[in-house]
Structures are given as structure tokens and as C-alpha cells.
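Let me begin by presenting the structure, written as C-alpha cells, before commenting on it.
Any read-out appearing in this document is the output of simple, stated calculations on the displayed coordinates, not a laboratory observation. Everything numeric here is computed off the predicted structure, so don't read it as measured data. Cβ: placed from backbone, ideal geometry, glycine included. Neighbour counts: every protein chain shown.
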Amino acid sequence: MLFRSDVHTKAGMTCASCHGTTTPGTVSAANVCAECHVREADLFKASPKKKIFEDLGQPACLACHPNHEITPPQDTWVGLQDGAVCAQCHDATTRGSTTILAMRRQFDELATATASADGVLTRAERAGMLVDDGRRALREAREHQVHARALLHGFSATPVAAAAAQGTAASRRALEAGEAAMRELQVRRRGDRKSTRLNSSHGY
């Protein structure tokens, strides 16, 4: 059954959305996933993991993902630490560990960049400043973040790094827009204080 915390349930899906009137086995379940997650499925099919999983008897998507009670993707799933999905099969001595750590570093750097930009933009907005350009840049950064996470299914650090770099660059533009708005706010406040002092000196 689908659980209340499952992202599919929250999206309005029911058991029949995936199962229809039958119960798929582990192999066909991956095919069901691919009906909606086309990009991720295509990346996996072209990746070296496809044959490795087949040789090991691992059921494609279900080797890394549950098929029920699915939660939103987290960057912490990538890595070699306890609780990471990759750590189910990998540790620091296994092939691919360098790639795993590189991708996790790229995800973390992008997440930090987007959070920093969002923080500055939010402060500027609360002070009454317009930061539309910054918000557009931040939306672009988050789109690259989603794309980078999808590219993970190709199990190659290079395309993930490229998408993450684009996201980081967009986050930097968003941060710069927020910082510019905060500087403008300080200029306005200094001008208001100067105007108040001048008016007071003239008895206004």
C-alpha cells in the first residue's frame, strides 16, 4: 500500500496509478517507474550500472529506491556514510567511491550556494526591496539542482558536475542581486537619516 508520507500519495496518486489491477514483480515494477521517470530510466539504461545490476540480480530502480513510502530525494542519499544509499554496496575501498564522493561534494556545494542566496534575498524582500532578478536566478539554480540529481542516474560525475556548476553560477547571480539590494537599502537609510537631520536643523 501507499503510505501517507509517500510523495505519490501527496501528488494524488493511488495504488491503481501504478498497479492497475495487477501486482507487478520487481522487474516490471522498474518498468512502471519508467513510465513517468523517463529521463532517469534512460540515463540508467545507458549507464554501466545496468549490466552490473543485471549480473547481480538487482532489480534496477528498486536496488536503490523503495517502491512504497517514497520520500523526496535527499542529497544525503549520496555518499559513503551510514544511511547513504550508495553505502549499501560501496565503501572507501570499492571502485566508484571517488565518483560518489565527488558527486556528493558537488551537491553539497550547490545546496549551500542556493541556501545562502535565498537567505540574502529573503532579508532584502522583508526590508521592502525588489529582488525579482535574484529570484529568477535562484529558480534557475534550483532547476539545475533538480537536473543534477536526475543526472546521478547515469552514474558519471562529469555531467553531474556540469549541471551543479551551472546551478552554483546561477546561485551566485542570485546572491549578488540580493547583496546589491541590501547595499541599496543601506544607501536609502543613510539618505533618510541625512534628510531627517537637515529638516530638523531647519525647524521642519
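Observations
- Reachable aspartates and glutamates, given that their alpha-carbon falls under 15 Å from the alpha-carbon of LYS10 and they are not under 8 places away in the same chain: GLU69
- Using only side-chain charges placed at the Cβ, +1 for Lys and Arg and -1 for Asp and Glu, the dipole size of the chain relative to its Cα centre rounds to 980 debye.
- Of ALA111, ALA174, ALA34, the residue with the greatest mean-square motion in the GNM of the chain, using alpha carbon springs below 10 Å, is ALA34.
- Packing around the peptides 151-164, 45-58, taken as the average count of other Cβ atoms within 10 Å per residue, puts them in this order, highest first: 151-164, 45-58.
- Placing unit charges on the Cβ atoms of the charged side chains and taking the dipole of the chain about its Cα centre, the candidate lying farthest along the positive direction among ILE70, VAL32, ILE52 is ILE70.
- Choice from GLN166, GLN81, GLN106 with maximal GNM fluctuation in the chain (Cα, 10 Å cutoff): GLN81
- Counting only residues at least eight positions apart within a chain, or on another chain, the aspartates and glutamates with an alpha carbon under 14 Å from that of LYS49 are GLU40.
- Counting only DSSP H runs of at least 4 residues, each contributing -39500 (n - 2.57), and dividing by the residue count of the chain, the helix-based mean residue ellipticity at 222 nm comes to -21500 deg cm²/dmol.
- Most fluctuating residue given options THR99, THR114, THR168, as computed from a GNM of the chain linking Cα atoms under 10 Å: THR99
- Annotation for THR122 and THR94: the two label points, set 7 Å from Cα along the Cα-Cβ direction, are 3.7 nm apart.
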